[in-house]
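Input: a single structure, listed below in structure tokens.
The values are calculated or read from the model by the stated rules, or taken from the named source; none is laboratory data. From a predicted model like this one, the values you see are computed outputs, not experimental measurements. We place every Cβ from the backbone using ideal geometry, glycine too, and count neighbours over all the protein chains shown.
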Amino acid sequence: MQYTCRKDDVSLFSQLVKGVLEGCVLAIIAEEETYGYEIMEKLAARGFHFAKEGSIYPLLLRLEREKLVESTLRPSPSGPNRKYYRLSEEGASQLAQFRSGWQELAQAVDAILHQKG
């Protein structure tokens with residue numbers, strides 16, 4: 001199901017997305033070394049179509065600065081070199097914390113939203 005924002009909802013929805021985007025990007029990078037555009041494609045293929053370049057690339061730079069990911073430049077079959085990202089040990093630990101926290105939060109929110117009575 002795709003969420004469609006009303007004009008009034010954009011800020012709230014944007015905040016919700018921003019809160020989980022880092023964990024989702026770390027999870028994709030954990031699967032295999034990958035580059036920015038491919039990360040966006042993988043997010044979109046799994047329903048996270050609202051992640052745009054304007055949020056992905058700054059996030060990748062921050063993750064690298066915080067040493068949660070490491071990068072390597074590699075030749076591209078077309079165009080300039082690509083920066084491939086892989087998870088660092090710190091990134092793997094951060095991802096494990098995100099997964100645990102997300103499960104707990106999702107269960108609590110589901111319990112509230114689906115409560116009858």
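The figures follow:
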item: Of all residues making up segment 63-117, the number that are in contact with an Asp or Glu (Cβ under 6 Å, 6 or more places away or on another chain) and basic (Lys, Arg); result: 2
item: Subset tally (residues that are more than 12 Å from the chain's Cα centre (by Cα) and among the aromatic types (Phe, Trp, Tyr)) for segment 29-81; result: 2
item: Residue within segment 75-96 that is touching a Lys or Arg at 6+ places or on another chain (Cβ under 7 Å), at pLDDT 95 or above and part of a loop (DSSP other than H, G, I, E, B) present; result: yes
item: Pairs where the first residue, in segment 72-98, is under 17 Å from Cys24 (Cα atoms) and the second is polar (S, T, N, Q) and surrounded by 11 or more Cβ atoms within 10 Å (Cβ to Cβ), C-beta under 8 Å, 6+ apart; result: Tyr84/Thr34; Tyr84/Ser71; Tyr84/Thr72; Tyr85/Thr34; Tyr85/Ser71; Arg86/Ser71; Arg86/Thr72
item: Residue count, segment 70-86 (criterion: in contact with a strand residue (DSSP E or B) (Cβ under 6 Å, 6 or more places away or on another chain) and of a type in the set (Gly, Ala, Ser)); result: 2
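Conditions (1) outside any helix (DSSP H, G or I); (2) free of Cβ contacts under 8 Å to residues at least 12 places away in the same chain; (3) touching a Phe, Trp or Tyr at 6+ places or on another chain (Cβ under 6 Å); (4) at negative phi, marked per residue:
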site: Leu12; (1), (2), (3), (4): no, yes, no, yes
site: Leu16; (1), (2), (3), (4): no, yes, no, yes
site: Gly19; (1), (2), (3), (4): no, yes, no, yes
site: Gly23; (1), (2), (3), (4): no, no, yes, yes
site: Leu26; (1), (2), (3), (4): no, no, no, yes
site: Ile29; (1), (2), (3), (4): no, no, yes, yes
site: Lys42; (1), (2), (3), (4): no, no, no, yes
site: Gly47; (1), (2), (3), (4): yes, no, no, no
site: Phe50; (1), (2), (3), (4): yes, no, no, yes
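Each row is one residue, and each column tells you yes or no for (1) within 17 Å of Lys18 (Cβ to Cβ); (2) touching a Phe, Trp or Tyr at 6+ places or on another chain (Cβ under 6 Å); (3) exposed (fewer than 12 other Cβ atoms within 10 Å of the Cβ); (4) of a type in the set (A, V, I, L, M).
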{"site": "Glu33", "(1), (2), (3), (4)": "no, yes, no, no"}
{"site": "Ile56", "(1), (2), (3), (4)": "yes, no, no, yes"}
{"site": "Val69", "(1), (2), (3), (4)": "no, yes, no, yes"}
{"site": "Glu90", "(1), (2), (3), (4)": "no, no, no, no"}
